[in-house]
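Structure record follows, encoded as structure tokens.
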Amino acid sequence: REQRDGSVPIPQLLLAMLAPAVFTNIRIGQGYLIVFALFAAAVLWLSHQRDTRGGAALGLVLGLKLSGTALLVVLAAQRRWRAIAVTGAVALALALAVTPFIDAAMWWHHPDVVRGFVQRPCGSVTAYQTTLSLFRRLCAADPVWNRAPAASCEPVAFAIPYTLIAIAMVITVVAV
């Protein structure tokens, strides 16, 4: 039966939740289901001009996955300052809430840790399904992790993914 408002009927939604991937994510403690649910909620609410709810969901996403920052660029292009402010407030509140349970110096070291993680030679194995890992696999040699890349083009391996991200952001902002 087709829903008039475009929502997914509850029985189909519950059936989808029985997928083996869902149980595997829960069993191994992955946060991707939560990230997906929060992203979906943020996009739905923001598309319906519910900036407070959408911003709150996006703020929670940013507490789990920094890739949500790209949506902030779209919101800025739309001049949706309330959504951006709520996002920032929720993300800051979440950061302050977890700080007593971690070493506060972690916040200052985070950019260096991310940079080190991205530059690890093992990032070129096919298990990492990212644009950067694909281009590292094609271009960057490593005696342990990638003995025979398709070409010797390591500087390109790091430049192309960031160029693609920039192009995608420009296209998105123009489309918005």
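Could you state the accessible area per residue of the chain in Å², with a 1.4 Å probe and every protein chain left in place? Before the final figure, lay out each step's value.
Values: 12380 Å² over 176 residues.
Result: 70 Å² of accessible area for each residue.
Please give, to one decimal in nm, the separation of the simple spin-label points placed at residue 32 and residue 47, each 7 Å out from Cα toward the Cβ.
Between residue 32 and residue 47, the label points sit 2.2 nm apart.
Roughly what angle does helix 154-175 make with the longest principal axis of the chain, taking Cα atoms, 0 to 90 degrees, to the nearest 10?
Approximately 20 degrees, to the nearest ten.
Suppose every Lys and Arg Cβ carries +1 and every Asp and Glu Cβ carries -1, with no other charges. What dipole size does the chain come out with about its Cα centre, to the nearest 20 debye? Please list the in-between numbers first.
Working: 14 positive and 7 negative charges, 53 e Å.
Dipole of the chain, to the nearest 20 debye: 260 debye.
If I stretch the segment between residue 167 and residue 129 completely, what's the gain in nm (0.36 nm per residue apart, minus their alpha carbon distance), one decimal?
On the way: separation 38, 0.36 × 38 = 13.68 nm, distance 1.99 nm.
So the chain would gain 11.7 nm between residue 167 and residue 129.
Choose one of 24, 78, 122: the residue whose Cα lies farthest towards the positive end of the charge dipole of the chain (beta-carbon charges +1 Lys, Arg; -1 Asp, Glu; about the Cα centre).
78
Treat each spin label as a single point 7 Å out from the Cα along the C-beta direction, and report the residue 120 to residue 105 distance in nm.
Going by the 7 Å Cα→Cβ label model, 2.2 nm.
Using θ = phi - 60° and the Karplus relation 6.51 cos²θ - 1.76 cosθ + 1.60, list the HN-Hα couplings for segment 57-67 in order, rounded to whole Hz, with x at every Gly or Pro.
Once θ is set to phi - 60°, the couplings for segment 57-67 become 5, 5, x, 5, 4, 4, x, 10, 8, 6, 5 Hz.
Return the label of the correct value of Cα extents along the principal axes in Å, as calculated from the structure shown, out of (i) 82, 33, 23; (ii) 61, 40, 28; (iii) 55, 41, 41.
Matching the structure shown: (iii).
State, in angstrom, two size descriptors of segment 137-176 derived from its alpha carbons: Rg to one decimal place and Dmax to the nearest whole number.
Computed over the Cα atoms of segment 137-176, radius of gyration and Dmax are 14.3, 45 Å.
Rounded to the nearest percent, how much of the accessible area of segment 70-176 (1.4 Å probe, protein heavy atoms only) is carbon and sulfur? Present the calculation step by step, with values, prior to reporting the outcome.
Working: 5190 of 7300 Å².
Accessible surface attributable to carbon and sulfur in segment 70-176 totals 71 percent.
Quick check: the distance between the Cα centres of segment 107-176 and segment 19-68, to the nearest angstrom?
What the calculation gives is 24 Å, centre to centre.
Over 18 Å, how big is the tail of the calculated P(r) for segment 71-131, in percent of all Cα pairs?
Details: 1123 of 1830 pairs.
That fraction is 61 percent.
Please give the charge dipole size of segment 29-121, origin at the Cα centre, charges +1 on K and R Cβ atoms and -1 on D and E Cβ atoms. Round to the nearest 20 debye. Show your work: numbers first, answer last.
Working: 8 positive and 3 negative charges, 63 e Å.
It comes to approximately 300 debye.
Tell me the accessible surface of residue 52 in square angstrom (1.4 angstrom probe, heavy atoms of protein chains only), to the nearest ten.
Its heavy atoms expose roughly 60 Å² to the probe.
Taking only the C-alpha atoms, wrap a convex hull around segment 39-95 and report its volume per residue in Å³ as a whole number.
Considering the Cα atoms of segment 39-95, their hull volume per residue is 59 Å³.
Are there cysteines in the chain with no second cysteine's Cβ under 4.7 Å away, and if so, which?
That list is 122.
On the full set of protein chains, 1.4 Å probe, figure out the accessible area of residue 47 and give it in Å² to the nearest 10.
70 Å²
Could you work out the helix-only [θ] at 222 nm for the chain, with each DSSP H run of four or more residues adding -39,500 (n - 2.57) and the total divided by the number of residues, to the nearest 500 deg cm²/dmol?
Values: 9 runs with 116 residues, N = 176.
Helix-only estimate at 222 nm: -21000 deg cm²/dmol.
The values are calculated or read from the model by the stated rules, or taken from the named source; none is laboratory data. Since this is a predicted model, take the numbers as computed values, not measurements. Ideal geometry is used to build each Cβ from the backbone, glycine not excepted, and the neighbour counts take in all protein chains shown. Only protein heavy atoms, including side chains, enter the accessible area calculation; ligands, DNA and RNA are left aside. Shrake-Rupley method; radii C 1.70, N 1.55, O 1.52, S 1.80 Å.
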